[in-house]
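FYI, it's all coordinate maths here, none of it is from the lab. Keep in mind the model is a prediction, meaning the values are calculated, not measured. Because the Cβ atoms are built from the backbone with ideal geometry, glycine has one as well, and the counts that use them run over all protein chains shown.
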Amino acid sequence: MLDFIQSLSDGVLFGATYALIGIGFTLVFGVMHKLNLSYAAASVGGAYCGLLVLKVFAGAPPLAVFFCAFLAGGLLGYIVYLACFHFIPISNPLATLMATVGMLLLVDEVIVHQTDGMPLNYPALFDDVMLRAGEFTLRGDLLMVFVVSILCMAGLLALLYRTRLGLATRAVSQQAVAAQLCGIRVGQVNAMTFVITGLLGGIAGAMIGASVGTLSPLLTTPLTIKGLIVTVIGGLGSIPGAIVAGLLVGGFESVLQQYRGVTERDLYVMLLLFVFLVFRPGGLFAPKEGRD
Amino acid sequence: MTALLEVRDLVTAYGKIEALKGVNLDVQQGSITCLLGPNGAGKTTLMMTIAGILRPRIGSIRFAGEEIAGRPPHAIVAGGAALVPENRLVFPNMTVLDNLHAGAYQRKDDFASDIERLFTRFPRLKERSTQLAGTLSGGEQQMLAVARALMSRPKLLLMDEPSLGLAPLVVEEIFRIITQLHQDGVSIFLVEQNAHMALKVAQHFYLMEQGKVTFSGTPGALAEDEVIRRAYLGSARA
Ligand SMILES: Nc1ncnc2c1ncn2[C@@H]1O[C@H](COP(=O)(O)OP(=O)(O)O)[C@@H](O)[C@H]1O
Ligand SMILES: [Mg+2]
């Protein structure tokens, strides 16, 4: 029983990073009704860029690395927007989708080339802290990951519901034509959505690096799949859905890793997706309104 | 005298199909001008082209003396023309108040007093200001769509079938509001199927069929035209 609670709590804390990745997929989908399949890869790419700080200042603190990952993620988001959406006819749904697949492969290749395919150590905060309650422990670095992720989500929600840009983003996602009639520039909102989700992705990548201790090019594919699963389970376009589903998937895979081993756990995550697709295809929080 | 809005030889196409085949019409400053026409005539296409959502293939649209054809929607709104679109298109998961804020998106000045004034004009919207727009009735959504367009303080209000699908009492309410707005100095270009109601408020009529303007005249001339009377006003002479 203790094992169960322990692995569940570790998983839920780590799941906050899945939630961030899920939010990135779901927000772009909500605003543009498009999938950006390169998102998780670009997020890992942002986290790698964070390590550049250590190249320049060998003794830079982890926070500087995280912040640089955050900024690099935003920049990568904008590049993805330009390369895959801005100059490609939006009306052709396959064109943008395939462009993002190309971008996913490109980012992957660049990472492999730059690192010779070897994992790199990633710094963390509070990795020497352990909170204990009897046999039960909370890892300080995982708690840090969780808190940082939750703060990012709170920041995003504040942006969406308290600012002019957030108002425009919600307007475009609910009724793009009416948003234009209100004088909102849809192109700008789309670009900003990529920058904002990119910033979140950079942080998510950095938090994943921090909790695992290393970054590896092998991370991009599973993270892409987990992100998409979180998006579907949460309900395409739903931010609360992505948050809940991220924590759920994190806890679920951690528990199954505990009982079935690391090689089998993703099998069960896929099974969970399958169960949702059959019994609740709209996800946990299917948005009430479709388009129009 | 030059018109507030002048549309000349306007052609707008969806792919190869031309929905507007050379449209000419004027909206005079301070008037209510009404565009009639059967479904599929191209009325919505015209409105969307004026508002900048659709780009015309050829032709000119002059608004307040400036050429606006092909300009993006935000430039048209900034120039002082706002469209209340067909089917209202409110933001369903935003509150009534947020819908109004979206309408004021380009305003840099303080628009709190505008919202107060609109709430006096549309008391129902005030009662429901924190409710999600998607939960409003059709009539209330239409009021909201009008109020949202007014938040940009337009010189010209374009309205695409505001009475569509509304109960007769609500339609009367909408037309009462149109008259009030007109008295407040807003010029109005109105698309309507309900010719009876439109005859009571508009000073000039156009009829559009298959992408072309086929009639232009006063309410009197409209009521005199045998064909139009039969198609739009019922065959009996009033
Ligand atoms: N998005 C579209 N794609 C292709 N054809 C369209 C589209 N919208 C309208 N049409 C066609 O253009 C013509 C004019 O339509 P519309 O402007 O909506 O007419 P109205 O508003 O007068 O009913 C119709 O034949 C319609 O089928
Ligand atoms: Mg129409």
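Taking K and R as +1 and D and E as -1, what net charge do the other residues with C-beta under 13 Å from the C-beta of residue B:5 add up to?
Computed value for this residue: -1.
Across every pair of different alpha-carbon atoms, what Kirkwood hydrodynamic radius in Å does segment A:1-97 reach?
Numbers: mean 1/r = 0.0645 Å⁻¹.
When all Cα pairs of segment A:1-97 are included, the Kirkwood radius is 15.5 Å.
Under a plain spin-label model, where a point goes 7 Å from the Cα along Cα-to-Cβ, how far apart in nm are residue A:214 and residue A:271?
The answer from the label model is 2.9 nm.
Give the residue list of chymotrypsin sites (Phe, Trp or Tyr not before Pro) in segment A:74-111 that are DSSP loop and have at most 11 other beta-carbon atoms within 10 angstrom. Could the numbers behind the result be given before it?
On the way: sites: A:78, A:81, A:85, A:87; in loops: A:87.
Answer by residue number: A:87.
Per residue, how much space in cubic angstrom lies within the convex hull of the C-alpha atoms of the protein assembly as shown?
Once divided by residue count, the hull of the protein assembly as shown is 182 Å³.
Would you list, by chain and number, the aspartates and glutamates whose Cα falls below 14 Å from the Cα of residue B:155, excluding same-chain residues fewer than 8 positions away?
The reachable aspartates and glutamates, counting only those whose Cα sits under 14 Å from residue B:155, are B:66, B:184.
If I model a spin label as a point 7 Å beyond the Cα along the Cα-Cβ vector, how far apart are those points for residue B:127 and residue A:157 in nm?
3.1 nm
Just A:219, A:181, A:236 to compare: in a GNM of chain A, with alpha carbon springs under 10 Å, which one fluctuates most?
A:181
Counting Lys +1, Arg +1, Asp -1, Glu -1, what net charge surrounds residue B:217 among other residues with beta carbon under 11 Å of its beta carbon?
-2
Could you give the dipole magnitude of segment B:98-230 about its Cα centre, charging the beta-carbon of Lys and Arg +1 and that of Asp and Glu -1, in debye to the nearest 20?
The calculated dipole for segment B:98-230 is roughly 220 debye.
Counting other beta carbons within 10 Å of each residue's own, what order do B:45, B:95, A:263 fall into, fewest first?
Fewest-to-most Cβ neighbours within 10 Å comes out as A:263, B:95, B:45.
For segment B:66-120, max minus min Cα coordinate along each principal axis, in Å, sorted largest first?
35, 28, 17
At q = 0.09, 0.19 Å⁻¹, what log₁₀ I(q)/I(0) does a Debye calculation on the Cα points of segment B:1-133 give, no solvent, two decimals?
Evaluating at q = 0.09, 0.19 Å⁻¹ gives log10 I(q)/I(0) of -0.34, -1.14.
For a quick check, take a GNM of chain A with Cα springs below 10 Å and name the residue from A:144, A:130, A:103 with the largest mean-square fluctuation.
A:130
Tell me the Rg and the Dmax, in Å, that the Cα atoms of segment A:35-78 produce.
11.0, 39
Using the Cβ atoms and a cut-off under 14 Å, what net charge is assigned to the surroundings of residue B:41, where Lys and Arg are +1 and Asp and Glu are -1?
Values: positive: B:21, B:43, B:212; negative: B:18, B:86, B:160, B:161, B:192, B:209.
That works out to -3.
For residue A:114 and residue A:82 in one chain, what is 0.36 nm times their gap in residues minus the Cα-Cα distance, to one decimal in nm?
9.2 nm
Can you list, largest first and rounded to whole Å, the semi-axes you get for segment B:138-195 by taking the square root of 5 times each eigenvalue of its Cα gyration tensor?
Values for segment B:138-195, descending: 18, 12, 10 Å.
Of the candidates A:136, A:146, A:25, which one comes out as most mobile in a Gaussian network treatment of chain A with C-alpha springs shorter than 10 Å?
Looking only at A:136, A:146, A:25, the largest GNM fluctuation is found for A:136.
Using only the Cα atoms of segment A:22-220, what are the Rg and Dmax in Å?
Calculated on Cα positions, Rg and Dmax stand at 18.1, 61 Å.
Sort largest first and round to whole Å: the equivalent ellipsoid semi-axes of segment B:52-203, each the square root of five times a Cα gyration tensor eigenvalue.
Numbers: eigenvalues 111, 79, 43 Å².
Each semi-axis is √(5λ); the values are 24, 20, 15 Å.
In deg cm²/dmol and to the nearest 500, what is the mean residue ellipticity at 222 nm of the protein assembly as shown if only DSSP H runs of at least 4 residues count, each as -39500 (n - 2.57), divided by the residue total? Each step should come with its number before you reach the end.
Working: 22 runs with 297 residues, N = 530.
It lands at -18000 deg cm²/dmol.
For segment B:9-85 and segment A:121-159, what is the separation of their Cα centres, given in Å?
56 Å
Give me the one-decimal Kirkwood hydrodynamic radius in Å for segment A:204-292, with the sum taken over alpha-carbon pairs.
13.9 Å
Among the listed pairs B:21/B:43; B:43/B:212; B:126/B:200; A:34/A:226; B:16/B:43; B:16/B:212, which are separated by more than 21 Å between their Cα atoms?
B:126/B:200
For segment A:5-51 and segment A:208-230, what is the separation of their C-alpha centers, rounded to whole Å?
8 Å
If you take the alpha carbon radius of gyration of segment A:1-56 and divide it by 2.2 N^0.38 Å, what ratio comes out, to two decimals?
Values: Rg = 15.8 Å, N = 56, 2.2 N^0.38 = 10.2 Å.
Taking the Cα Rg and dividing by 2.2 N^0.38 Å, one obtains 1.55.
Measuring from the lowest to the highest alpha carbon on each principal axis, how far does segment B:177-238 reach, largest first, in angstroms?
35, 29, 17
Pop the C-beta distance of residue B:24 and residue A:106 into the FRET formula with R0 = 51 Å and round what comes out to the nearest 0.05.
Once the sixth-power term is evaluated, E becomes 0.50.
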